[in-house]
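Trainee: First the structure, which I've put down as structure tokens, then a few questions once you've had a look.
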Amino acid sequence: MAQDMSIDSYLSQGGKLTNPTNVPPRYRAELMKMMATFVDSELAGAAGFADVINAGPGIKERIAAAKIVLEKTDNADAVLQLLGEFGADTARYATSHPWTARLPRDAEPGTRRSEHDMRLSVLNYPLSGWADAVTMNLCMGLAVGEQLAEMQKVSYQPLADAIRKVAPIEARHVELAAEGLAQLVEQGQGDAISESVAYWRPRIEPIFGDVPDDRFEQLKKWGLRHRTNGELGGSWRSRLDESFDKIGLAG
């Protein structure tokens, strides 16, 4: 207990942990949950996007979509290797869940498909065609950007280092989505994009749901959180509105 308290004090003063051997049990549980949510979300996101590669209107679009699938899977693997250091079965992980499984398209926002994996709830909903996939990629990519900015500051140094490498890759996916949407607007698909925004926005919102104050304060003391979900959500909404303003659409 004294050792745990000593580590808690160290973390509350901005200290960093560098390997699993000196990680307190409760901190370990929260850290593993954070990493598993990232891995599962990347794998589920890649699986969903893989299904629409051939819906791309041209070769360049299909190549870009395939690259996104590859890079999301690679990003998942980078953090999965860290989970392996905590005992996760990395060899079987990728086949342990039905990553392509989805809810019906009309399922209510915030619905969870199952508890079989720890993907973010938004990734339980299916894509519906190319324009919808590109729209979702922009909306969700901006939300992921907020989360990754937070994760780059976590007190578990190996995770922070891994996310610093992942973040610019995910940011590029957002840029590709913005470019793709601009082209679709020029082609007269603005109404379809607006419908997709209206569909995805309330399904992404739950990512930034309330965290009990006492839990957030504990995570903050451990250096696992820094900004509240309210702050992250506010920043996401501003960036989303700005992105759609640039391409001439209301977000």
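The values are calculated or read from the model by the stated rules, or taken from the named source; none is laboratory data. Fair warning: this is a prediction, and the values are worked out from it, not measured in the lab. We place every Cβ from the backbone using ideal geometry, glycine too, and count neighbours over all the protein chains shown. Surface accessibility is based on the protein's heavy atoms, side chains included, excluding ligands, DNA and RNA. Shrake-Rupley method; radii C 1.70, N 1.55, O 1.52, S 1.80 Å.
Trainee: Do you know which of the residues in segment 155-168 that are touching a residue at least 40 places away in the same chain (Cβ under 8 Å) and over 20 Å from residue 232 (Cα atoms) is surrounded by the fewest Cβ atoms within 10 Å (Cβ to Cβ)?
Mentor: The qualifying residue surrounded by the fewest Cβ atoms within 10 Å (Cβ to Cβ) is 165.
Trainee: Of these, 172, 201, 227, which one is charged (D, E, K, R) and over 21 Å from residue 49 (Cβ atoms)?
Mentor: Numbers: 172 fails: over 21 Å from residue 49 (Cβ atoms); 201 fails: over 21 Å from residue 49 (Cβ atoms).
Within the list 172, 201, 227, the selection yields 227.
Trainee: Restricting attention to segment 125-158, which residues are assigned to a helix (DSSP H, G or I) and in contact with a His (Cβ under 7 Å, 6 or more places away or on another chain)?
Mentor: Step one: list which residues in segment 125-158 are assigned to a helix (DSSP H, G or I), which gives 130-151, 157-158.
Those that are assigned to a helix (DSSP H, G or I) and in contact with a His (Cβ under 7 Å, 6 or more places away or on another chain): 137, 141, 150.
Trainee: Can you name the residue in segment 122-154 that is of a type in the set (Gly, Ala, Ser) and more than 18 Å from residue 237 (Cα to Cα) and is also most open to solvent (accessible area, probe 1.4 Å) among such residues?
Mentor: Of all residues in segment 122-154, those of a type in the set (Gly, Ala, Ser) come to 128-129, 131, 133, 141, 143, 145, 149.
Then keep just the ones that are more than 18 Å from residue 237 (Cα to Cα); that gives 128-129, 131, 133.
Numbers: 128: 73, 129: 34, 131: 15, 133: 1 Å².
Result: 128.
Trainee: Is there a residue being closer than 16 Å to residue 159 by Cα and open to solvent by 80 Å² or more (accessible area, probe 1.4 Å) anywhere in segment 17-27?
Mentor: yes
Trainee: Between residues in segment 189-218 that are in contact (Cβ under 8 Å) with a residue 24 or more places away in the chain and residues that are assigned to a loop (DSSP other than H, G, I, E, B) and open to solvent by 50 Å² or more (accessible area, probe 1.4 Å), which pairs lie under 6 Å by C-beta distance while being six or more apart or on different chains?
Mentor: From segment 189-218, the pairs are 202/109; 203/109.
Trainee: When only residues in segment 101-112 that are open to solvent by 60 Å² or more (accessible area, probe 1.4 Å) and farther than 15 Å from residue 128 by Cβ count, which is farthest from the chain's Cα centre (by Cα)?
Mentor: Taking the candidates together, the pick is 108.
Trainee: Filter segment 68-100 for residues that are over 21 Å from residue 33 (Cβ atoms), surrounded by 13 or more Cβ atoms within 10 Å (Cβ to Cβ) and among the aliphatic types (A, V, I, L, M) and give the result.
Mentor: Matches in segment 68-100: 68, 69.
Trainee: Report, ordered by the first and then the second residue, all pairs with beta carbons closer than 9 Å, sequence separation of six or more or different chains, a first member in segment 75-100 that is free of Cβ contacts under 8 Å to residues at least 60 places away in the same chain and more than 25 Å from residue 168 (Cα to Cα), and a second member that is of a type in the set (Asp, Glu) and open to solvent by 60 Å² or more (accessible area, probe 1.4 Å).
Mentor: If the second residue must be of a type in the set (Asp, Glu) and open to solvent by 60 Å² or more (accessible area, probe 1.4 Å), the pairs left are 96/89; 100/51.
Trainee: Go through segment 211-236 and report how many residues are crowded, with 16+ Cβ neighbours inside 10 Å, under 17 Å from the mean Cα position of the chain (by Cα) and part of a helix (DSSP H, G or I).
Mentor: 5
Trainee: May I pose another question? Taking segment 180-210, which residues are surrounded by 12 or more Cβ atoms within 10 Å (Cβ to Cβ) and of a type in the set (Asp, Glu)?
Mentor: Within segment 180-210, 195, 205 meet the criteria.
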